[in-house]
1. Evaluate the following for ASP77: is it acidic (Asp, Glu), within 20 Å of THR31 (Cα to Cα) and either over 19 Å from the mean Cα position of the chain (by Cα) or surrounded by 19 or more Cβ atoms within 10 Å (Cβ to Cβ) (or both)?
2. On the basis of being on the phi < 0 side of the Ramachandran plot, touching a residue at least 24 places away in the same chain (Cβ under 8 Å) and touching a helix residue (DSSP H, G or I) at 6+ places or on another chain (Cβ under 6 Å), does VAL99 make the cut?
3. Within the range 119-131, count every residue that is open to solvent by 20 Å² or more (accessible area, probe 1.4 Å) and within 19 Å of SER63 (Cβ to Cβ).
4. Out of ALA57, ALA43, I need the residue that is within 15 Å of the chain's Cα centre (by Cα) and in contact (Cβ under 8 Å) with a residue 24 or more places away in the chain. Which one?
5. Based on this model, can you work out whether ASP60 counts as open to solvent by 40 Å² or more (accessible area, probe 1.4 Å), assigned to a strand (DSSP E or B) and either more than 25 Å from THR13 (Cα to Cα) or not charged (D, E, K, R) (or both)?
6. Give me a count of the residues in the range 23-42 that are modelled with pLDDT of 90 or more, surrounded by 14 or more Cβ atoms within 10 Å (Cβ to Cβ) and either in a helix (DSSP H, G or I) or touching a Cys at 6+ places or on another chain (Cβ under 6 Å) (or both).
7. In the range 86-118, which residues are assigned to a helix (DSSP H, G or I) and open to solvent by less than 20 Å² (accessible area, probe 1.4 Å)?
8. Among the residues in the range 126-142, are any touching a strand residue (DSSP E or B) at 6+ places or on another chain (Cβ under 7 Å), among the hydroxyl-bearing types (Ser, Thr, Tyr) and assigned to a loop (DSSP other than H, G, I, E, B)?
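The values are calculated or read from the model by the stated rules, or taken from the named source; none is laboratory data. Here the structure is a predicted model, which is why all the values come from computation and not from measurement. So basically every Cβ, Gly included, is an ideal-geometry build from the backbone, and we count neighbours across all protein chains shown. We work out accessible area using only protein heavy atoms, side chains counted, and drop any ligands, DNA or RNA first. Shrake-Rupley method; radii C 1.70, N 1.55, O 1.52, S 1.80 Å.
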Amino acid sequence: LTAGDASWIAALTRGTDESPDLARRLVIEITETALIHDLDRVAAFVDVLRAKGCKVAIDDFGSGYTSFRFLKSLKVDILKIDGMFVDDLPHDAQGRVIVKTMIDMAKALGLATVAEWVSDEAARDVLRDAGATHLQGFLFGKPILAEELERQGLL
C-alpha cells in the first residue's frame, strides 16, 4: 500500500459508509519505509484515516534511525515495538532497558504499545511488567491465511 493511494482510500470510504462501526475497529499500520519516502504525504494520509475514526500505528518502531522524527510529526495512536527488541528479551538486560524506555515514552505521549514477536511466557511476563499495552506473537497464535479464516467462518 502506498500511503495516500486514492483507490485504497476510496475502498476504505465505501467500507466505512456501508458499515460505520468498521473504522473504529481498524488499526492501519504505517511502516517506517513508507514514512521515509514522503513524510508530508503520509501525515496527510494519517489525518484522513484518523478523521474516519481509524487508529494508526507506526510498525516496527525502533528499527530505523528516523523513528523519533516520525513520532513528533505524525498523530499516531500506537507504537508497534519491533520484534528484534523482544526476541530473547528475558535474557537480554540491555534489550529490557530499551523496551521499557520505548513503552514509557509511548505512555508519556499518550500512545498504546504493541510488542511484536512474543513467543514465550517469559517474554510475555517481562513485557507485562514493563507496561506494554498489547502483545502479539506466536505465543498467542500462528498466522492464518484468509482462506482458512473463511473456511472456518471467521471472516
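1. In short, no.
2. Yes: the conditions hold for VAL99.
3. Of the residues in the range 119-131, 1 are open to solvent by 20 Å² or more (accessible area, probe 1.4 Å) and within 19 Å of SER63 (Cβ to Cβ).
4. Answer to the selection: ALA57.
5. In short, yes.
6. Summing the residues that are modelled with pLDDT of 90 or more, surrounded by 14 or more Cβ atoms within 10 Å (Cβ to Cβ) and either in a helix (DSSP H, G or I) or touching a Cys at 6+ places or on another chain (Cβ under 6 Å) (or both) in the range 23-42 gives 3.
7. VAL86, LEU89, GLY95, VAL99, MET102, ILE103, ALA106
8. yes
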